[in-house]
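The values are calculated or read from the model by the stated rules, or taken from the named source; none is laboratory data. Nothing here was measured: the structure is a model prediction, and the numbers come from that model. A quick note on method: Cβ atoms are made from the backbone with ideal geometry, for glycine too, and the neighbour counts reach across all protein chains shown. SASA here: full protein model, heavy atoms, side chains in, ligands and nucleic acids out. Shrake-Rupley method; radii C 1.70, N 1.55, O 1.52, S 1.80 Å.
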Number of protein chains: 2
Amino acid sequence: MSFAAKGMAATAQDEAYRAILQDIRSGRYQPGERLIPETIARELAMSRMPVREAFQRLANEGLVLIRPNRGCVVSGLTIEEIYELFEIRSVLEGLAVRLAMPRFDAAALAELDDHLARMHRAGAAGGADWLSRHQEFHAYICGLSGRPKLIAQIAALHIAVEPSMRVWLHHVAQPAHATERQDEVVEAIRTGDAEHAEAVMRDHVLRTAPRLAEFLRSRGQAAGLSPTLPASAQL
Amino acid sequence: MSFAAKGMAATAQDEAYRAILQDIRSGRYQPGERLIPETIARELAMSRMPVREAFQRLANEGLVLIRPNRGCVVSGLTIEEIYELFEIRSVLEGLAVRLAMPRFDAAALAELDDHLARMHRAGAAGGADWLSRHQEFHAYICGLSGRPKLIAQIAALHIAVEPSMRVWLHHVAQPAHATERQDEVVEAIRTGDAEHAEAVMRDHVLRTAPRLAEFLRSRGQAAGLSPTLPASAQL
DNA sequence: CTCTGTATGAGTGTATCCACTATTACAAAG
DNA sequence: CTTTGTAATAGTGGATACACTCATACAGAG
């Protein structure tokens, strides 16, 4: 049996990756902040090299920007980029829920209700980890699609906007969990109509974007450091 | 003025990345083949390290699989994975064409026709580089969406299936360029109806998948080496 | 006081080196 | 002849070392 538990890092590079990812998601490393390999390496009791390779991975996911000879900075998102990510998420999650529809039996629906309940509880209790519950809700639906790459893509998109979402939820009086109508998504799923569920999910995802964008705009948060994009630009 | 031309590699690592990517796309490195850093490093007149980091990038894009302590192999796609990639591409390119619609003026439509013509010419002339022309056709449409990340994602998907496509086009008598009806897409764009264009693009993309899949199945090509997926699996 | 040139230091990219893992080939036992 | 244990080798992950780039601070000229 493989004794490396799922959450366990097999290699130093992986450990570095997880640690830095965590710190970006949580907001410990702010957009625009420069990440110095040596510092992080000392912190994790390893050398610079695995940290550098972790940077590479993060750069490919757009969380960090590496300019040659000029180091690695946490990449904030412009308003336009946030919109773009939500647009992409909307069609991908729409696809996911459509593909997941055949698998929604009674048990799955019950579990879905559980997720809803947990979310609402977290929202009522102050909303500190409402965001995590919300991501789990979406992840559960996507998971039922049975499409590994699709799931991973969507997860990456959630992670990319997470830092912005956190500051939003932290600073705003009327946060998402008060107005976001996830119930509509669940209702649509219950109808059994795949096309309908897809459309509702699309709308649901897109609805958050303008409010988040407005908030960031009001804070003047255009930390515009466009990340190096994943693949080669030209086909 | 920046004297580093766009296609120029600023760093050794980037050079390695481009070289290996090229060799995977072209089919020089076959799925399942093991990539030995030292060999490639010698070939490119550099040390192992930049090559290793290039591997990382390729792994993140799913083109290569790195198992700890067990090296780096070119990751072939299973039939299921190919279907999945086409599904994802269909919704993303559908989104792209929808967003691009407002920008289709007379000039853009003319250029689109140019692309079509070039494609048909390449197809008639034996189809050696029909695939590249086809990718350029799609890239042109996506480019008009003005969404950098969306464009990059789609490009990455095209690259991922490119090796399989190449063997298909090379081995089959009735290849895609004979039956793929790109004209329908252009026609739909001409109507000016964004929703319609999106639907047509979706269908267009999905149509290729089953035929490619059938071909690969007939060759028994289930080179099932599922790549390490981009982001963290759990949200 | 401002501007410009230089020097110093921090940080990056690459090469080399070392320790450990895995795989292969081979030999001895059954 | 097959099987199993062991040794040798190729290859991987990580650390250190070195050369080069960039940025900042400072000094001298205007």
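Numerical summary
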| quantity | calculated |
| --- | --- |
| Matching residues, the stretch A:59-71, being touching a Phe, Trp or Tyr at 6+ places or on another chain (Cβ under 7 Å) and open to solvent by less than 10 Å² (accessible area, probe 1.4 Å) | A:Val64 |
| Given (1) open to solvent by less than 10 Å² (accessible area, probe 1.4 Å); (2) within 16 Å of DNA strand C (Cβ to nearest atom); (3) under 16 Å from the mean Cα position of the chain (by Cα), index of the condition A:Ala16 fails | (3) |
| Those residues of the stretch B:85-106 which are part of a helix (DSSP H, G or I) and of a type in the set (Asp, Glu), in sequence order | B:Glu87, B:Glu93 |
| Helices (runs of 4 or more DSSP H) lying entirely in the stretch A:107-213 (those with 2 or more residues that are of a type in the set (Phe, Trp, Tyr) and either at pLDDT below 95 or touching a Leu at 6+ places or on another chain (Cβ under 8 Å) (or both)) | A:130-143 |
| Which numbered condition B:Asn69 fails, given (1) more than 16 Å from DNA strand D (Cβ to nearest atom); (2) on the phi > 0 side of the Ramachandran plot | (1) |
| Scope the stretch A:52-66; condition polar (S, T, N, Q) and more than 10 Å from DNA strand C (Cβ to nearest atom); matching residues | A:Asn60 |
| Test set (1) open to solvent by 40 Å² or more (accessible area, probe 1.4 Å); (2) within 12 Å of DNA strand D (Cβ to nearest atom) - B:Pro37 fails condition number | (1) |
| B:Leu99 vs. criteria open to solvent by 10 Å² or more (accessible area, probe 1.4 Å), more than 12 Å from every other protein chain (Cβ to nearest Cβ) and either of a type in the set (D, E, K, R) or in contact (Cβ under 8 Å) with a residue 24 or more places away in the chain (or both) | no |
| So A:Glu80, is it of a type in the set (D, E, K, R) and more than 9 Å from chain B (Cβ to nearest Cβ) | no |
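The rows are residues; the columns are (1) over 21 Å from B:Gln153 (Cβ atoms); (2) within 8 Å of another protein chain (Cβ to nearest Cβ); (3) open to solvent by 10 Å² or more (accessible area, probe 1.4 Å).
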{"position": "B:Gly32", "(1), (2), (3)": "yes, no, yes"}
{"position": "B:Pro50", "(1), (2), (3)": "yes, no, yes"}
{"position": "B:Ala54", "(1), (2), (3)": "no, no, no"}
{"position": "B:Arg57", "(1), (2), (3)": "no, yes, yes"}
{"position": "B:Leu92", "(1), (2), (3)": "no, yes, no"}
{"position": "B:Leu95", "(1), (2), (3)": "no, yes, no"}
